[in-house]
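The values are calculated or read from the model by the stated rules, or taken from the named source; none is laboratory data. Treat the numbers as computed from the prediction; the structure is a model and nothing was measured. Neighbour counts are summed over all protein chains in view; Cβ atoms, including those assigned to glycine, are modelled from backbone coordinates with ideal geometry.
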Amino acid sequence: MINQLKTKMALIALAIGLTLAQSAQASIINFDSIAAGSNASNDSVAVSSGITFNNATFLPNLDTYGIAIPGSDHWQIDTTSGSVTVQNTSLKGWGVAPSGTNALDARLSPVLLSFTSATNLGGFSFQLPNSTFGNIPNVDVLFLNAAGNTVYDLSYKQGVALATVSLPTTLSGVSQILLPSGTFYDNINVAAVPVPGAIWLFGSAIMGFLGLRRNKKA
């Protein structure tokens, strides 16, 4: 009985250890791999990470007759606007970009950073341009789930040259991130925690093994 309990605890500890060992996959998007004026979604790191950038708008859902549904207002992709571009911040009067050349241009419209599927974030940060321009009051980066509901609100102040804004916690089930208008965004660091599929298989094997041991004992 004692040996069986020890074996069970050891296998469970191993499974937990392997799960915790699944590190976040960090992707730093600096927009310097594409030319100024290009679609931000064409950045090579963004493409490989399954990340897209679109202008955002706060509108309600529409019913089958095209009538707004009361109380359904939420942030969504603005399909009436053009693409979100990257720009050489120095040429725009915002100082040299932290990454060297380009940054995401969100001066005139908020931007939705979208994942291909709901993502668990082990970390998220970005760097502001080398400028004191931007909104004077605090603004909010919103982390949204698949339903468009806010799961976390990160408040920060624009106009602080070269400031780095970081998410202070981990988040689960993030589908989109709303970046407020009024500034450029550079060195966007997304640390997505992979779903440990192999661990689930390993856990199933453990349960099967323990069940087999119980059957043999019986």
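Looking across region 136-165, the residues that are outside any strand (DSSP E or B) and within 16 Å of the chain's Cα centre (by Cα) come down to Asn145, Ala146, Ala147, Gly148, Asn149.
Restrict the check to region 147-154 and report whether at least one residue is among the charged types (D, E, K, R), closer than 28 Å to Asp32 by Cβ, at pLDDT 95 or above and assigned by TED's automatic domain parsing to the domain that holds Gly82. Scanning region 147-154, I find no residue that is among the charged types (D, E, K, R), closer than 28 Å to Asp32 by Cβ, at pLDDT 95 or above and assigned by TED's automatic domain parsing to the domain that holds Gly82, so the answer is no. Screening region 58-100 for residues that are part of a strand (DSSP E or B) and touching a Leu at 6+ places or on another chain (Cβ under 9 Å) and picking the one that is surrounded by the most Cβ atoms within 10 Å (Cβ to Cβ) gives Val86. Note on region 80-120: residues that are among the β-branched types (Val, Ile, Thr), more than 11 Å from Ala56 (Cα to Cα) and touching a strand residue (DSSP E or B) at 6+ places or on another chain (Cβ under 6 Å) total 5. Of all residue pairs spaced 6 or more apart or on separate chains, those with beta-carbon atoms under 9 Å, a first member in region 23-51 that is more than 17 Å from Ser99 (Cα to Cα) and assigned by TED's automatic domain parsing to the domain that holds Val96 and a second member that is of a type in the set (D, E, K, R) and surrounded by 15 or more Cβ atoms within 10 Å (Cβ to Cβ) are Ile51/Asp43. Does Gly50 satisfy being modelled with pLDDT under 90, of a type in the set (Gly, Ala, Ser) and more than 18 Å from Ser109 (Cα to Cα)? Considered against the rule, which asks whether it is modelled with pLDDT under 90, of a type in the set (Gly, Ala, Ser) and more than 18 Å from Ser109 (Cα to Cα), Gly50 comes out as no.
Taking first residues from region 140-158 that are farther than 12 Å from Ile177 by Cβ and partners that are of a type in the set (D, E, K, R), the Cβ contacts under 7 Å between residues at least 6 apart in sequence or on separate chains come to Ser155/Asp140. Within region 29-51, the set of residues being of a type in the set (S, T, N, Q) and touching a Ser or Thr at 6+ places or on another chain (Cβ under 6 Å) comprises Asn30, Ser33, Asn39, Ser41, Ser44, Ser49.
The number of residues in region 108-135 that are part of a loop (DSSP other than H, G, I, E, B) and either touching a Lys or Arg at 6+ places or on another chain (Cβ under 7 Å) or surrounded by fewer than 16 Cβ atoms within 10 Å (Cβ to Cβ) (or both) comes to 3.
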